[in-house]
Protein chains: 2
Amino acid sequence: MNEFELIDEIVHALGRAAAGTWVRLGPGDDSAVTAVPPGAELVSSIDALVADVHFPGAADPELIGYRAMMVSASDLAAMGAGPGFALVALSLERDDAAWLRGLGRGMGEACIELGLPLVGGNLARGPVTIAVSVHGFAPAGTALRRSGARPGDGVFVTGSLGLAAAAVARGGLDAARPGDLDPLAAGYFRPRARLEAGQRLRGVATSLIDLSDGLLQDLGHVCTASGVGAELVGAAIPVADGVRREHVLGGSDDYELCFTAPAEPPALGIPVTRIGTIVAEPGVRLDGAPASGGYQHFGRG
Amino acid sequence: MNEFELIDEIVHALGRAAAGTWVRLGPGDDSAVTAVPPGAELVSSIDALVADVHFPGAADPELIGYRAMMVSASDLAAMGAGPGFALVALSLERDDAAWLRGLGRGMGEACIELGLPLVGGNLARGPVTIAVSVHGFAPAGTALRRSGARPGDGVFVTGSLGLAAAAVARGGLDAARPGDLDPLAAGYFRPRARLEAGQRLRGVATSLIDLSDGLLQDLGHVCTASGVGAELVGAAIPVADGVRREHVLGGSDDYELCFTAPAEPPALGIPVTRIGTIVAEPGVRLDGAPASGGYQHFGRG
């Protein structure tokens, strides 16, 4: 099998995930072509997921593919954008058509769930890495940033937190199989990018971020960007069943949304919990004490 | 130095490369935000460059960064698109601020030359890989594909070919230094994405591709996509000084444009040479004999 046959494998696995209202030209040429809805701005992000750093390299490829796409698309939710399209650059050590087919199936499933067509890609020889570039649409001027939180705003999170971090701490993710995931493994491998909820927060939230590096660190980014601080109430934080609170505060990979708003938000279609209040004094405090933590790819040197 | 300080290093190195007419929000939030010119469609591609596969890992980081951006942007030229914006996902084994600053300087230089703002990025721990997602603009319906070549069209290439492939064959690219490149090393490290020439070919060329995998293979893609063949005249192919013809036919990394057109094209601002003719019979022939070759990341298994 050569490079182009491998690419055909992916395109086949993706099936209808490559089609969409705004897609003018999908995979197969030097670039893809998309139209942009009238009045919309483009919201764009890129992530690279490295085997055995960002996901267990020996895990099921369908689970890896699904998660990679959801994790990347979460950056669109974190801006309040609707789905646009995605591109994937894949590095593989060897040509393994079955693995690639599984990966494509998982990515395609996530793309179809999100309404996010996968319009192009690239395949190269190298250490297993999945780079995903995601693009969404938002009416001009409405994308939600980290920088708008104001003293007095409530701090809110969606869903319940900690399953993915607890799953990583437990280990054994290599053995997980699609269709037979326990709650922890599902929390890790099947996060949902909150695109719907994010869009409903446009014009409502003063700031928005997704929880990828742990609640304390991500909320810290919002506070720094906004020039404010936050007071959190520990007992209010929605910890998932079977999860210790440390997995929520300093853990990672929840991909729920954290936002600030001057009033209770409208219904978002998913659970929302108020966990604290924005204050003028910088820093994040938990039950009155300074708090920090979270994931960094490079330690302090 | 932590992850966020490293990202600050890159943003600093990029300087004004992050600004641009259509940029609404640059690096630092979950996503970047860009506007799209009225009436334009978006042309998008992604590439991943792996150390010691796509570039010599020990080479000067400024040269690596410049080349990575130009190579990626070449996919926009290959569609006849103008510059839009770029995103970069970088994996690094260790936090090396000097290396990263050099890489950022090279990328920034290329972005400024191209008018292609670098609006966002991601930094992760992993084997050294540079994934670049590039986006350009073209008036709706005008992007040039591989599929429009028709029998009777001329086959044209820009520039002169083979320097980069000859440089790889010669070796010693690790020792190259910015500001002191011989012609072969310059051919490898300082390709120019032909964005201007590509745009002038809109409404003129019937098909367009960039030469990244070697003339025979890339022209083969055009022929396959168009359902035609090509007859090339060996003596007409513009081989660069000091380069053997094998480096042109089966070589790689030229990033010049190859296009088909029913008549001589208008001035493109760079040299253009007619090298053959499109015919109805499939396949690429050189001086009458079937010809094939070029670079593939995965061999035939």
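The values are calculated or read from the model by the stated rules, or taken from the named source; none is laboratory data. What you are looking at is a predicted structure, and each value in this text was computed from that prediction instead of being measured. Counting neighbours? That spans all protein chains shown, and the Cβs are built from the backbone with ideal geometry, glycine included.
Quick notes
- Unmet criterion (only one of (1) crowded, with 20+ Cβ neighbours inside 10 Å; (2) touching a strand residue (DSSP E or B) at 6+ places or on another chain (Cβ under 8 Å); (3) not in a helix (DSSP H, G or I)) for residue B:151: (1)
- Some residue of region A:74-91 being among the polar types (S, T, N, Q), in a helix (DSSP H, G or I) and touching a residue at least 40 places away in the same chain (Cβ under 8 Å): yes
- Any hit, region A:22-32, residues being assigned to a helix (DSSP H, G or I) and either more than 28 Å from residue A:270 (Cα to Cα) or touching a Gly at 6+ places or on another chain (Cβ under 6 Å) (or both): no
- Among (1) modelled with pLDDT of 95 or more; (2) more than 14 Å from chain A (Cβ to nearest Cβ); (3) in a loop (DSSP other than H, G, I, E, B) - the single one residue B:274 does not satisfy: (3)
- Pairs where the first residue, in region B:184-209, is under 30 Å from residue B:62 (Cα atoms) and the second is surrounded by fewer than 21 Cβ atoms within 10 Å (Cβ to Cβ) and basic (Lys, Arg), C-beta under 8 Å, 6+ apart: B:184/B:170
- Test: residue in region A:50-65 that is assigned to a strand (DSSP E or B) and more than 16 Å from the chain's Cα centre (by Cα): yes
- Applying the set (1) over 14 Å from residue A:64 (Cβ atoms); (2) buried (at least 18 other Cβ atoms within 10 Å of the Cβ) to residue A:106 leaves exactly one unmet item: (1).
- Residue match in region B:160-176 (condition: assigned by TED's automatic domain parsing to the domain that holds residue B:285, in contact with a helix residue (DSSP H, G or I) (Cβ under 9 Å, 6 or more places away or on another chain), crowded, with 22+ Cβ neighbours inside 10 Å and assigned to a strand (DSSP E or B)): yes
- Residues that are closer than 22 Å to residue A:106 by Cβ, assigned to a helix (DSSP H, G or I) and in contact with a Leu (Cβ under 7 Å, 6 or more places away or on another chain) within region A:177-222 comprise A:183, A:184, A:185, A:187, A:188, A:189, A:195, listed in sequence order.
- Search result, residues across region A:39-80 that are of a type in the set (A, V, I, L, M, F, W, C) and at the interface with chain B (Cβ under 7 Å from one of its Cβ atoms): A:42, A:43, A:46, A:48, A:50, A:53, A:76, A:78, A:79
- Members of region A:14-38 that are of a type in the set (Gly, Ala, Ser) and at the interface with another protein chain (Cβ under 10 Å from one of its Cβ atoms): A:28, A:31, A:32, A:35
- Residues in region B:131-158 that are over 18 Å from residue A:122 (Cβ atoms), within 14 Å of another protein chain (Cβ to nearest Cβ) and among the β-branched types (Val, Ile, Thr): B:142 alone.
- Residues in region A:82-103 that are in contact with a Lys or Arg (Cβ under 9 Å, 6 or more places away or on another chain) and crowded, with 24+ Cβ neighbours inside 10 Å: 1 in all.
- Only residues that are farther than 11 Å from residue B:282 by Cα and more than 20 Å from the chain's Cα centre (by Cα) were counted in region B:207-236, giving 5.
- Test: residue in region A:103-123 that is without any contact (Cβ under 8 Å) to a residue 60 or more places away in the chain, touching a strand residue (DSSP E or B) at 6+ places or on another chain (Cβ under 9 Å), assigned to a strand (DSSP E or B) and more than 7 Å from chain B (Cβ to nearest Cβ): no
- No other residue among A:127, A:38 is free of Cβ contacts under 8 Å to residues at least 60 places away in the same chain, outside any strand (DSSP E or B) and either of a type outside the set (S, T, N, Q) or surrounded by fewer than 20 Cβ atoms within 10 Å (Cβ to Cβ) (or both) apart from A:38.
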